[in-house]
Amino acid sequence: MTTALEMRNITKQFPGVKALDDVTFTVRKGEIHALCGENGAGKSTLMKVLSGLYPTGSYDGEIVIHGDVKRFSTIKDAEQAGIAIIYQELALAKDLSIAENLFLGKEFARWGVINWDRAFKESEKWLKEVGLTDVSPETRTGTLGIGKQQQVEIAKALSKNANLLILDEPTAALTEQEVDILLSILREFKARGVTCIYISHKLKEVFSIADSVTVLRDGKTVGTYSIEDITEEKVISLMVGRELKQLFPRIEPQTGSIVMKVQNYSVMHPDLPGRKVIDDLSFEIRQGEIFGIAGLMGAGRTELVMSLFGGYSGAVSGTVEIEGKSVRIKSTQQAIKHGLALVSEDRKKYGLVLGMDVKNNITLSSLRHISSGGVIDHQKEIYQGNDYMKALRIKANSVETIVGTLSGGNQQKVVIGKWLMTNPKILILDEPTRGIDVGAKFEIYTLMNELIKQGMAIIMVSSELPELMGMSHRIMVISEGRKTAEFMAEEASQEVIMTAATGGRTG
Amino acid sequence: MKGQTAAETEYNQAAFGSRSWKSWFKFDARAYTMIGALLAIWVLFSLLHERFLSPTNLSNLFLQMSVTSILAIGMVLVIVAGHIDLSVGSLVGFIGGIVAMLNVWYDWPALPVIIVAIAIGALIGCIQGWIIAYKAVPAFIVTLGGMLVFRGLLFGTTGSVTVAPLSPGLKTIGQSYMTDLIGWVIGGIGLLIAAVLVLRKRSSRSKYGFPVEPLALSVLRIIAAGTLILGFVAVMNSYKGIPVPFLMVVVLALIFTFITRNTTFGRQVYAIGGNPEAAKLSGINIKRRVMLVFVLCNTLAAIAALVLTARLNAATMTAGQNYELDAIAACVIGGTSLIGGAGSIMGALIGALVMSSLDNGMSLMNMESFWQYIVKGGILVLAVYVDIHTRNRKNNAA
């Protein structure tokens, strides 16, 4: 067998981070090659380099396709070399028909006038290739299910004469039947000699379809293995096999009474009827403990905490009790009243008003603490803002500094300050240390300890397993909206968490 | 309140940085640019026409800017919240029609007419605000529809005839002037308020242990405000006195400046415009706030309708036409961001004054009216260009 693709010594730097460090990745012609790694291991970055999204020159190393060195400046260059990438987030124009989507940008047109008959004829041919024979090319793509939309995407890729197909987490949003259909289409392609790179967290799928697997970890290649020579367990250990280098100042839990009890909690997807993003979850949280929630991207962690906080639009069923009383939280105002606080995963989008200054952001959820009769006491606001700035060691010139100009770590502290000012009983931290430097991380861990000492309960969602294991007292693992495991921190290892997160039930 | 230890005072001083005299003047480039542009326009017109800066003309100028100013005050809130209101011009026409009808045809006295007008404005604000906030129909569409509906209602209710003349009582709102004595009293009160505000801020800051500006500077501030206020009264009094509509503008501007800067509602509106997602997740009831913003804006439109109808002494079919655009232009010239989250009442007033000065100056010079459209349009685009340009430069520097 010949080599279809070779990526040699690829290094990609972002400011302050080496996303890819001397990665070498070789794919043989006509195989299905799986690419595995934890969140942030560098899979997506590698594929963005390959697809021309990061143009040549923005990285070091070379890309060799069928023996020729290629330099892609744009996505179009990569497409011409036969590379097509299908992202997790489908990129179809939902209000256009299948035919319009398939030939978007390369319509069969003369003098700008489209020959629709020809477009429909050609569409049918490509739809047949991907096994979509029961829909007309005139169908609006928005009316199709996710699985069929994906098939349209694949047809679109094929119509560009792609011979190297990259699928990034293709099954994240699919039902089981849809997954089966997809896998059988891919097997068919393989038989016809199409090369395929398959990125997935779901190792069961990987082992059912791939010929070989490459594992990335922390931006480096761990190795490439033939699928017969390796086991699921081995892949997991290769994915996580890193030592706990960072220091986690975990203290013993100050466990008190149960503050929150969630039973048979389900959340529906707001747009896709019948799809549950959270399916029958039950758990409880005690005062003075850090409760960790683990899971892969798309497992439903953020949806869970957002809906507990009243900030998710999907319908909810099940019961939530706070301090023994049953509550129904339908809005964020109610959540705050019941003593909940949520530091969201995307602080710029959901946490801060970037154009406002530090004190205005800190007091935003507690304006009644600094006002009487709806009138703000500005000096009191400055005073209290100062207190939080001091306590959280926010590095800013003054409380009147615009938060948009602060570093990520300091912005995160502003968000935390905002929530602490509401005196919460339960503090939910969704990816609390994403994108912030090691020093600021440690400060946030220390702060978490102080808070549980005061009797607060903390829910921490994190993709960083070392952090989750290093800080939480109990860890719940969810996969595809379902709880697959729960253990005390001492019992947890990265391997068992990963096994549970990739769908295997343990414990 | 908490007592201050020496260490805390020291900390606060560190937190605010050491303050030199100069640092107490916050350099707000945008505000200075605006005032500079206004002065440039005034200097230009006074060179071109000797009567531009005469008391008579200045009195007219402030009278003319009143309606646009009142509309602009409400529009600032709407735009800061990230929305737009295209209906206020037609609303001025419609409510003006109702006012004139009740007063002229049914002989209602001034007070009930005023109450009904304001109630109608608030009710319409409720309806438009409810559709926008709770039914999620874009404000652009709802108020574009409103623009047509209210103009239609004006034609329908008045039977497309001019309704005139109003009773003397109602006319005072738009046409009367304060006597010299009352003018001076008002000026004196204004000076007193300015002094109290400056001194209260001093005492409040020292209560919390913040560095306080030098006393001399406070005195200077009070003197500057006093000169401006009393100078204004003197100029107005040398003609007929302070025009009542302008006094209303000043009162409304003070109230709404207070609302935007000192109330939780005002703060929340700025947060909603700055980042609606974050505002919602911070526990702000966005829908209720947005609805209230429209209620306020349309209530102000009712007040503007009273002033305009009283000044014209009639309700006409074209009353208020394109006023929404003048109001929006005033806000934008005054630094309100159409993306939402930023803007000030004071800025909008200066914007309204710029627009009115252009109108007034060009009419004074007997320029044909088509020039007024062209020049005003050009100035609007230029103002926003300058604003965006200076903002980009600031961002690049940061």
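Can you give me the Rg/Rh ratio for chain B, using Cα atoms for both radii and the Kirkwood formula for Rh? Mind showing how you got there, number by number?
Values: Rg = 22.4 Å, Rh = 22.7 Å.
That ratio equals 0.99.
In cubic angstrom, how much convex hull volume per residue do the alpha carbon atoms of the stretch B:177-242 span? Present the calculation step by step, with values, prior to reporting the outcome.
Values: hull volume 4.0 nm³, N = 66.
Per-residue hull volume (Cα only) is 61 Å³.
As a test of reading the structure, rank A:T405, A:T56, A:T302 by solvent-accessible area (1.4 Å probe, protein chains only), most first. Could you put the intermediate results ahead of the total?
On the way: A:T405 95, A:T56 55, A:T302 30 Å².
Largest accessible area first, the residues go A:T405, A:T56, A:T302.
Using only the alpha-carbon atoms, how far is helix B:55-80 inclined from the longest principal axis of chain B? Give it as 0 to 90 degrees, nearest 10.
Approximately 70 degrees, to the nearest ten.
At a 1.4 Å probe, what is the % contribution of carbon and sulfur to the accessible area of the stretch A:115-233?
Numbers: 2480 of 5240 Å².
C and S fraction of accessible area: 47 percent.
Starting from the Cα of A:T133, step 7 Å along the direction of its Cβ; do the same at B:R288; then give the gap between the two resulting points in nm.
For A:T133 paired with B:R288, the spin-label model returns 6.0 nm.
Taking the full set of protein chains and a 1.4 angstrom probe, give the accessible area of B:V212 in square angstrom, rounded to the nearest 10.
50 Å²
Could you state the per residue volume, in Å³, of the convex hull enclosing the Cα atoms of the protein assembly as shown?
Values: hull volume 194.8 nm³, N = 905.
In the protein assembly as shown, the Cα convex hull volume per residue is 215 Å³.
Considering only protein heavy atoms, what is the solvent-accessible area of B:M147 at a probe of 1.4 Å, reported in Å² to the nearest 10?
So the heavy atoms of B:M147 present about 60 Å² to solvent.
Assuming R0 = 41 Å, what is the FRET efficiency of A:T2 and A:S407, from their Cβ-Cβ distance, to the nearest 0.05?
0.25
Hey, what did the stretch A:168-275 get for relative contact order, percent, Cα under 8 Å, at least 6 apart? Write out the running numbers ahead of the final one.
Working: 55 pairs, mean separation 16.9, N = 108.
16 percent.
How far apart, in nanometres, would the label points at A:R110 and A:T446 be if each is projected 7 angstrom from Cα along the Cα-to-Cβ direction?
7.5 nm
On average, how much area does the Cα convex hull of the stretch A:228-309 cover when viewed from any direction, in nm²? Write down the numbers at each step before the final one.
Numbers: hull surface 35.9 nm².
Its average projected convex-hull area is 9.0 nm².
What distance in nm separates the simple spin-label points at B:V196 and A:N9, each placed 7 Å from Cα in the Cβ direction?
7.8 nm
Using a 1.4 Å probe on the protein chains only, how many percent of the accessible area of the stretch A:315-413 belongs to carbon and sulfur?
Details: 1990 of 4160 Å².
Summing carbon and sulfur atoms, their accessible area is 48 percent of the total for the stretch A:315-413.
Taking 0.36 nm per intervening residue step and subtracting the Cα-Cα distance, what contour gain separates A:D95 from A:N423 on full extension? Please list the in-between numbers first.
On the way: separation 328, 0.36 × 328 = 118.08 nm, distance 4.61 nm.
Fully extending the segment from A:D95 to A:N423 adds 113.5 nm.
Under unit Cβ charges (Lys, Arg +1; Asp, Glu -1), what dipole magnitude, rounded to 20 debye, does the protein assembly as shown have relative to its Cα centre?
Details: 87 positive and 77 negative charges, 492 e Å.
Around 2360 debye, computed over the protein assembly as shown.
Can you order the peptides A:74-83, B:304-313 by their average number of other Cβ atoms within 10 Å per residue, highest first?
Numbers: A:74-83: 17.9, B:304-313: 25.7.
Ranked from most to least packed, the peptides come out as B:304-313, A:74-83.
Rounded to the nearest 10 Å², what accessible area does A:E107 have for a 1.4 Å probe in the complete protein model?
The value for A:E107 is about 80 Å².
Quick one: work out the % antiparallel among DSSP beta bridges in chain A, nearest 5. Walk me through the numbers before you get to the answer.
On the way: 50 of 84 bridges.
Approximately 60 percent, going by the DSSP bridge assignments.
Working out 0.36 nm times the residue gap between B:V212 and B:W105, then minus their Cα-Cα distance, what length gain in nm do you get to one decimal? Working shown, then result.
Details: separation 107, 0.36 × 107 = 38.52 nm, distance 5.99 nm.
Additional length available on full extension: 32.5 nm.
At a 1.4 Å probe, which residues in the stretch B:191-210 are at least 50 Å² less accessible with all protein chains present than in their chain isolated?
Flagged in the stretch B:191-210: B:Y208, B:F210.
What whole-number value in Å² describes the accessible area per residue of the protein assembly as shown for a 1.4 Å probe?
I get 44 Å² per residue for the protein assembly as shown.
Report, to the nearest whole %, how much of the accessible area of the stretch B:177-242 belongs to carbon and sulfur atoms, 1.4 Å probe, protein only. Intermediate values should be presented prior to the final figure.
Details: 2820 of 3680 Å².
Carbon and sulfur together cover 77 percent of it.
Using only Cα atoms, tell me the angle between helix B:369-397 and the longest principal axis of chain B; keep it within 0 to 90° and round to the nearest 10.
20 degrees
Quote the total accessible area buried by chains B and A together, excluding ligands, DNA and RNA, probe 1.4 Å, nearest 100 Å².
Values: alone 20100 and 22840 Å², together 39940 Å².
So the total buried area for this chain pair works out to about 3000 Å².
Let me confirm one metric for peptide A:332-341, namely the mean number of other chain beta-carbon atoms within 10 Å of its residues' beta-carbons.
On the way: counts 8, 5, 1, 2, 3, 1, 0, 0, 1, 1.
Per residue, the average neighbour count from other chains is 2.
For the stretch B:177-242, with only Lys/Arg (+1) and Asp/Glu (-1) charged at the beta-carbon, what is the dipole magnitude about the Cα centre, in debye rounded to 20? Kindly include the intermediate steps, with their values, before the conclusion.
Values: 7 positive and 2 negative charges, 69 e Å.
Using only the charged Cβ atoms, the result is roughly 340 debye.
Below 8 Å between Cα atoms, with a sequence gap of 6+, how large is the relative contact order for the stretch A:393-479 in percent?
Working: 64 pairs, mean separation 23.1, N = 87.
Computed value for the stretch A:393-479: 27 percent relative contact order.
Within the stretch A:274-298, list the residues whose amide N lies under 12 Å from a label point set 7 Å along Cα→Cβ of A:T175.
Once the point is set 7 Å along Cα→Cβ of A:T175, A:274-276 turn out to lie under 12 Å by backbone N, inside the stretch A:274-298.
Of A:K128/A:K483; A:K18/A:K441; A:K43/A:K94; A:K425/B:K280; A:K204/A:K425; B:K280/B:K376, which ones are farther than 30 Å apart at the Cα?
On the way: A:K128/A:K483 39 Å; A:K18/A:K441 19 Å; A:K43/A:K94 28 Å; A:K425/B:K280 20 Å; A:K204/A:K425 40 Å; B:K280/B:K376 38 Å.
Going by Cα-Cα distance, A:K128/A:K483; A:K204/A:K425; B:K280/B:K376 fall outside the 30 Å limit.
When the solvent-accessible surface of protein heavy atoms is calculated with a 1.4 angstrom probe, in what order do A:R140, B:R51 fall, highest first?
B:R51, A:R140
In degrees, nearest 10, range 0 to 90: what is the angle between the Cα axis of helix A:378-391 and the longest Cα principal axis of chain A?
Value to nearest ten degrees: 70.
Between A:D229 and A:R250, what FRET efficiency follows from the Cβ-Cβ distance if R0 is 41 Å, with the result rounded to 0.05?
On the way: r = 38 Å, r/R0 = 0.93.
E(calc), rounded to 0.05, equals 0.60.
Calculate for chain B the 222 nm mean residue ellipticity that helices alone would give, adding -39,500 (n - 2.57) per DSSP H run of length 4 or more and normalising by residue count, nearest 500 deg cm²/dmol.
Helices in chain B give a 222 nm mean residue ellipticity of -25500 deg cm²/dmol.
To the nearest 500 deg cm²/dmol, what mean residue ellipticity at 222 nm is calculated for chain A from DSSP H runs of n ≥ 4 alone, each contributing -39,500 (n - 2.57), summed and divided by the residues? Walk me through the numbers on the way to the answer.
Numbers: 16 runs with 156 residues, N = 507.
One gets -9000 deg cm²/dmol as the mean residue ellipticity at 222 nm.
Which FRET efficiency value, to the nearest 0.05, do you get for A:I75 and B:T390 by plugging their Cβ-Cβ distance into 1/(1 + (r/R0)^6) with R0 = 30 Å? Don't skip to the end; give the middle numbers.
Details: r = 36 Å, r/R0 = 1.20.
The pair A:I75/B:T390 has a calculated efficiency of 0.25.
Quick one: the Cα spread of the stretch A:362-507 along its three principal axes, in angstroms, biggest first?
So the extents along the principal axes, rounded to whole Å, are 55, 32, 28.
Order the following by accessible area, largest value first: B:H49, A:H369. Probe radius 1.4 Å; ligands, DNA and RNA are ignored.
On the way: B:H49 30, A:H369 60 Å².
Correct descending sequence by accessible area is A:H369, B:H49.
Of all alpha-carbon pairs in chain A, indicate the percentage at a distance above 41 angstrom. Show your work: numbers first, answer last.
Details: 35942 of 128271 pairs.
Value for chain A: 28 percent of Cα pairs lie more than 41 Å apart.
Output the peptides A:273-280, B:58-65 sorted from most to least packed, where packing is the average of other Cβ atoms within 10 Å over each peptide's residues.
Ranked by mean Cβ neighbours within 10 Å, highest first: B:58-65, A:273-280.
What is the extension gain from A:H66 to A:E400, computed as 0.36 nm multiplied by their sequence separation minus the C-alpha to C-alpha distance, in nm to one decimal? Let's see the in-between values first.
Numbers: separation 334, 0.36 × 334 = 120.24 nm, distance 5.83 nm.
114.4 nm is the gain from fully extending A:H66 to A:E400.
Before anything else, pin down the relative contact order of the stretch B:177-242: Cα pairs under 8 Å, at least 6 apart, normalised by residue count, whole percent.
Working: 46 pairs, mean separation 39.4, N = 66.
Worked out over the stretch B:177-242, it gives 60 percent.
Using alpha-carbon positions, what is the distance between the centroids of the stretch A:423-472 and the stretch A:339-388, in Å?
Going from one Cα centre to the other spans 20 Å.
Sequence-distant or interchain residues sharing an amide H contact under 5 Å with A:I86, placed H: which?
The list, which skips near neighbours in sequence, is A:I166, A:L167, A:D168.
On the principal axes of its Cα set, how long, how wide and how thick is the stretch A:86-152? Give whole Å, largest value first.
35, 22, 19
Any residues in the stretch B:248-267 that have 40 Å² or more less accessible area with all protein chains than in their chain alone, probe 1.4 Å, and which are they?
Residues of the stretch B:248-267 that lose at least 40 Å² of accessible area once the other chains are added: B:N262, B:T264, B:R267.
The values are calculated or read from the model by the stated rules, or taken from the named source; none is laboratory data. From a predicted model like this one, the values you see are computed outputs, not experimental measurements. When we count neighbours, we look across all protein chains shown, and the Cβ atoms used for this are built from the backbone with ideal geometry, even at glycine. Protein only, heavy atoms only, side chains kept; ligands, DNA and RNA dropped before computing areas. Shrake-Rupley method; radii C 1.70, N 1.55, O 1.52, S 1.80 Å.
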